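Chemist: What follows is a structure written as C-alpha cells; I'll ask about it next.
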Amino acid sequence: MLEPVARNKLSFRVAGLFQDGRGVVVGQTAVVVLLSIERVMSLLRLLSEELSLDDLLPSLRIEVVHNPLSASSYLLSFQSSDSLLLDRAARLARLVGAQLCVGAGQHFVAYRDEHAPLGYDVRQPLTEPGDLALYTPTFAQPYRRVREVRLSQLLGQLQLLPLPGGLRAQLCPPEVDGYAERAVTPTGQAETFLTCGRGLLDRLLRYLWQLGVSGELLIPDPLPAPAGPVGEKLQTTPLLRLTAAPVALLLRLASLPSVRLLRLEGNNFLIELGYTHPLRLSSFSSLFPHQDLFVFLGQRRGPLRARSPSRVPLSRLLTPVLVTEDGSPEGGLSTPLLPRLLTTATPTAPPLRLSLRLSHKPRVGSQVPPTATLIPWSRLPTLQRLLGVLSGDALWALRAIGLPVGLLVFGGEAVQHLVSGDLLDEPASLLFVPRCYQLLPQLPPAQLRALLGQSDDQLLVFVPGETQPLALPKSLAVPLSMRLLYVLAAKHPQTPLEPVVVPEPAAALVSEPLSFFSMVPLWGLSGDPEGS
C-alpha cells in the first residue's frame, strides 16, 4: 500500500501531503492511534517532558475511534507541519508502541522511518475510508469516530503517585557520597503551602505568629463559577502560604492531624508533598484559569479548585486581648487591645537623677589598649631617657599636659611604648578614667559627655584619689617632644654642643690601571680566525 518518496516529488496520491524544505513528507495534521488510555497518558507524559506543549495544546484532541471489527482505540491528533517537531514526536510514539501518521482530511500515511528517509505515499487509497483511514507499512485500516475525550476531563481522573521515602525524603534529601543536599524548603522553593481542618486553623495561626513565621492566608471563593462545569470539586477550606519555613517546623506541622503540606508547581498547581503527578502540569497550564489554584492531594482523583483566592497577611488576622493574672480578660470582656492615641506630650517632664560612680573594673582576657598615662613628676627623668628610643611618628602622635600630680600624656595606642606612669582608658572622646576603674552605669559616649558637661574643646581627667574630675582646655596640650625638650633646655640652658670629630683613615687604598693585554680573552679577539 505504501511506497517510499523520492526527493522533489511533484504530486501525491493523498491530498494534503507535501515536502518541506528538508524534503520530508509532512501534512497539516499528525495523528497517533493508541490501544489503551494508559498508553495515551504515557505519550502525554513523554510529550510534556520532551516538548513545549504551548503550540500543540490549542489543536490537541483525544478521540475514541472504532475499527471495522468495533474494537476501540484512542486517536491523539494535533496540527503541525514542522518536520523537526514531528521527528521528536515520532520517536516518542515508538516508545509506547504506536506509529505517527501525517496527512489531512481523511487520509493519513505513516511518517518517515529508516526504510523511507523522506516519507511515504499511498499507491492506492481506500475507496471507503470512513471518518479517517491510516496507511502504515503493516496495515491500511479505516476508523470511525465515536466520541471526544476532553483533556481537562482526563486530567481530572488522574491520581497522584507516591514518591519513594514520602514527605520526609522530600524535605530532607538523603546523603549522596557523604554530602547532604541542604534545602531550607522542599524542592528548593521559597514558599510552602499547607491545608488543615477548620477547627485547627485558629490555633495554627496563633502558633505560627508566635514563632515569627511570615506568610499569608488564602481564602478561596466558595461559590462555583456561573459558566463552570456541573459538579466541579471546589476547595472551600483556606490555604496557608509560608515563606522560608524551617524544615524542622514543616516536619512538626506534618505530624498534626488534617494538616497536609503542598508544593507549588508552575503558577497555579499545588501538589501534596511526598507525591508527584503523572504529567508535568506546568506544560498544561493554558488549560486552567490563571487566577485560580488547583490543589492535588494524595489518594484523591482530580484536583480541588480554589477560585480566585483572597490573600491576607497573617499579622492582620490576629487581635491581641489584655488578660489579667487570674486568666480572665481585663474588664470581664474579650475586647480587642487597642492603643490609646496621645496627640500631645506632657509639657514638663519630671527630672531624672542619675548618679555616676567610679568602681573597680573586673579583669577580662582581652582589653582595649590604653590611650593615656599619668606620669608623676618624680619619674620624669625615666621618660626623658625614653625620648631617644621612641620613633618620630610616636613622638608626634603623643600630646602632653602638665598637671599638679604629674604629666598627662595621651595620643592613642602610642602610649603603650611608655613604661612609666598610671595607664588611663578613654570611654568617651577626651574623657580619661584610670584603667582599673569604670564609670557605672555604662552609657553611650555622647550621653556620658553630655551628662558631665564636657565640651568639644575640653579634656576631662579622673585623677586617682580625687572625687571630682579635672577639666582642661584642649589648647594646653602640646607635643610630648616639645614639652620634654623645653624641660631639658630650662635645666641646662648654657650647655654647648660639642663638635663631632671624624678620625682620619689609617691607610689609603690605591688602584692601578689595568694593561691592554690583561683584558684580552683567552680565546682571542673576535677578528682572529683561529680564535673564532
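Chemist: Could you count how many residues in segment 111-139 are farther than 19 Å from residue 11 by Cβ and buried (at least 18 other Cβ atoms within 10 Å of the Cβ)?
Modeler: 6
Chemist: If a residue must be farther than 13 Å from residue 242 by Cα and either modelled with pLDDT of 75 or more or surrounded by 14 or more Cβ atoms within 10 Å (Cβ to Cβ) (or both), how many such residues does segment 188-206 contain?
Modeler: The initial filter retains those residues of segment 188-206 that are farther than 13 Å from residue 242 by Cα, namely 188, 196-203, 206.
Next, from what is left, pick out any that are either modelled with pLDDT of 75 or more or surrounded by 14 or more Cβ atoms within 10 Å (Cβ to Cβ) (or both): 196-203, 206.
The number of residues fulfilling the criteria is 9.
Chemist: Only one of these is small (Gly, Ala, Ser), assigned to a strand (DSSP E or B) and more than 19 Å from residue 138 (Cα to Cα): 48, 77. Name it.
Modeler: On the way: 48 fails: assigned to a strand (DSSP E or B).
Answer to the check: 77.
Chemist: Moving on to the next point. Residues in segment 285-305: is at least one β-branched (Val, Ile, Thr) and either surrounded by 19 or more Cβ atoms within 10 Å (Cβ to Cβ) or out of contact with any Leu (no Cβ under 6 Å at 6 or more places or on another chain) (or both)?
Modeler: Yes, that holds for at least one residue.
Chemist: Right, next: Return the total of residues in segment 85-128 being assigned to a loop (DSSP other than H, G, I, E, B), under 53 Å from the mean Cα position of the chain (by Cα) and hydrophobic (A, V, I, L, M, F, W, C).
Modeler: Total satisfying the criteria: 4.
Chemist: Restricting to segment 415-451, give me the number of residues that are surrounded by 16 or more Cβ atoms within 10 Å (Cβ to Cβ) and not hydroxyl-bearing (Ser, Thr, Tyr).
Modeler: So the count comes out to 21.
Chemist: Moving on. Give the residues of segment 248-260 that are free of Cβ contacts under 8 Å to residues at least 24 places away in the same chain and part of a loop (DSSP other than H, G, I, E, B), sorted by residue number.
Modeler: In the first step, residues of segment 248-260 are kept if they are free of Cβ contacts under 8 Å to residues at least 24 places away in the same chain; the result is 248, 252, 255.
Answer for segment 248-260, where residues must be free of Cβ contacts under 8 Å to residues at least 24 places away in the same chain and part of a loop (DSSP other than H, G, I, E, B): just 255.
Chemist: Tally time: how many residues in segment 404-424 are small (Gly, Ala, Ser) and under 16 Å from residue 464 (Cβ atoms)? Step through it out loud before you land on a result.
Modeler: Filtering segment 404-424 for residues small (Gly, Ala, Ser) gives 406, 411-412, 414, 420-421.
Narrowing the set further to residues that are under 16 Å from residue 464 (Cβ atoms) leaves 406, 420-421.
Within segment 404-424, residues that are small (Gly, Ala, Ser) and under 16 Å from residue 464 (Cβ atoms) number 3.
Chemist: What are the residue pairs meeting all of these: first residue in segment 279-305, first residue under 22 Å from residue 60 (Cβ atoms), second residue part of a loop (DSSP other than H, G, I, E, B) and aromatic (Phe, Trp, Tyr), Cβ atoms under 9 Å, and 6 or more apart or on different chains?
Modeler: Within 9 Å, the pairs are 281/288; 294/288; 303/288; 305/288.
Chemist: Look at segment 261-275 and say how many of its residues are of a type outside the set (A, V, I, L, M, F, W, C), under 22 Å from residue 197 (Cβ atoms) and either outside any loop (DSSP other than H, G, I, E, B) or under 23 Å from the mean Cα position of the chain (by Cα) (or both).
Modeler: 3
Chemist: On the given criteria, is residue 280 surrounded by 14 or more Cβ atoms within 10 Å (Cβ to Cβ) and not hydrophobic (A, V, I, L, M, F, W, C)? Talk me through it step by step, then tell me what you get.
Modeler: Working: surrounded by 14 or more Cβ atoms within 10 Å (Cβ to Cβ): yes; not hydrophobic (A, V, I, L, M, F, W, C): yes.
Yes, satisfied.
Chemist: Of the residues 289, 278, which single one is in contact with a strand residue (DSSP E or B) (Cβ under 9 Å, 6 or more places away or on another chain), under 22 Å from residue 161 (Cα atoms) and not in a strand (DSSP E or B)? It would help to see each step written out before you state the result.
Modeler: Values: 289 fails: under 22 Å from residue 161 (Cα atoms).
The conditions single out 278.
The values are calculated or read from the model by the stated rules, or taken from the named source; none is laboratory data. The shown structure was predicted, so the numbers you read here are calculated from the model rather than taken from an experiment. Here the Cβ is made from the backbone with ideal geometry for all residues, glycine too, and neighbour counts use every protein chain on show.
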